[in-house]
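The values are calculated or read from the model by the stated rules, or taken from the named source; none is laboratory data. Quantities reported herein were computed from a predicted structural model and do not represent experimental measurements. With ideal geometry, Cβ positions are generated from the backbone for all residues, glycine too; neighbour counts draw on all protein chains shown. Each accessible area value is taken on the protein alone, full model and side chains, heavy atoms only, with ligands, DNA and RNA left out. Shrake-Rupley method; radii C 1.70, N 1.55, O 1.52, S 1.80 Å.
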Amino acid sequence: MTENSPITVLDREASFAKLGTQQLGRLVVRRKEEFDIFPVNYVLDGEDIYFRSAEGSKLFTVALNSEVLFEADEVSEGHAWSVVVRGEAHLLTSNKEIQHADSLPLKPWIPTLKYNFVKIVAHDISGREFDLGEEPERY
């Protein structure tokens, strides 16, 4: 990366700081050779990502394979960033874990009941910031 590069690589701390500013992310799950992606509203607690889910394919797939990707981003005038987390998603089952998750500012965005809490433990995180602009002259 050069000094004038429109791309800045974020360190772990800066990546989590960016992730903590958003509420909407994308969960990528894998079932055998098939991948699915789900938009989820979430909250960051330390370095853990929490979301709620109703019964269905998202929850079923997390139960089959806990390895997930999670992505959040933001685009504003002239600037953008993207953060990708590689981690493990776990359905919370103990009363203590559920009570903690329920104390977080995490409410469904649509009027549905979502009784299940999922926590993603981040193993790896990468982030990039971008200065947006016109493509440079090619020739």
- Task: Taking Glu77 as meeting all but one of (1) at pLDDT 90 or above; (2) farther than 28 Å from Gln99 by Cβ; (3) touching a strand residue (DSSP E or B) at 6+ places or on another chain (Cβ under 9 Å); (4) not hydrophobic (A, V, I, L, M, F, W, C), write down the number of the exception.
- Result: (3)
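Rundown of residues vs (1) in contact with a Ser or Thr (Cβ under 9 Å, 6 or more places away or on another chain); (2) of a type in the set (Lys, Arg); (3) open to solvent by 60 Å² or more (accessible area, probe 1.4 Å); (4) not in a strand (DSSP E or B), yes/no style:
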{"site": "Lys58", "(1), (2), (3), (4)": "no, yes, no, yes"}
{"site": "Thr61", "(1), (2), (3), (4)": "no, no, no, yes"}
{"site": "Phe70", "(1), (2), (3), (4)": "no, no, no, no"}
{"site": "Glu74", "(1), (2), (3), (4)": "yes, no, yes, no"}
{"site": "Ala80", "(1), (2), (3), (4)": "no, no, no, no"}
{"site": "Val84", "(1), (2), (3), (4)": "yes, no, no, no"}
{"site": "Glu97", "(1), (2), (3), (4)": "no, no, yes, yes"}
{"site": "Pro111", "(1), (2), (3), (4)": "no, no, yes, yes"}
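Return the residue satisfying two criteria in turn: it lies in the stretch 1-31 and is polar (S, T, N, Q) and outside any loop (DSSP other than H, G, I, E, B), and of such residues it is farthest from the chain's Cα centre (by Cα).
So the first thing to find is which residues in the stretch 1-31 are polar (S, T, N, Q), and the list is 2, 4-5, 8, 15, 21-23.
Imposing the further condition that a residue be outside any loop (DSSP other than H, G, I, E, B) reduces the set to 8, 15.
On the way: Thr8: 20, Ser15: 11 Å.
Among those residues, the one meeting the criterion is Thr8.
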- In the stretch 32-56, the residues that are over 17 Å from the mean Cα position of the chain (by Cα) and surrounded by 12 or more Cβ atoms within 10 Å (Cβ to Cβ): Ala54
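If you take the residues in the stretch 118-139 that are among the basic types (Lys, Arg) and under 18 Å from Phe16 (Cβ atoms), which one is nearest to the chain's Cα centre (by Cα)? If you could, list the steps in order and put the result at the bottom.
Residues of the stretch 118-139 among the basic types (Lys, Arg): 119, 128, 138.
Now restrict to residues that are under 18 Å from Phe16 (Cβ atoms): 119, 128.
Values: Lys119: 11, Arg128: 14 Å.
The residue in question is Lys119.
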- The correct count of residues that are open to solvent by 40 Å² or more (accessible area, probe 1.4 Å), aliphatic (A, V, I, L, M) and more than 17 Å from Val118 (Cα to Cα) in the stretch 7-31 is 3
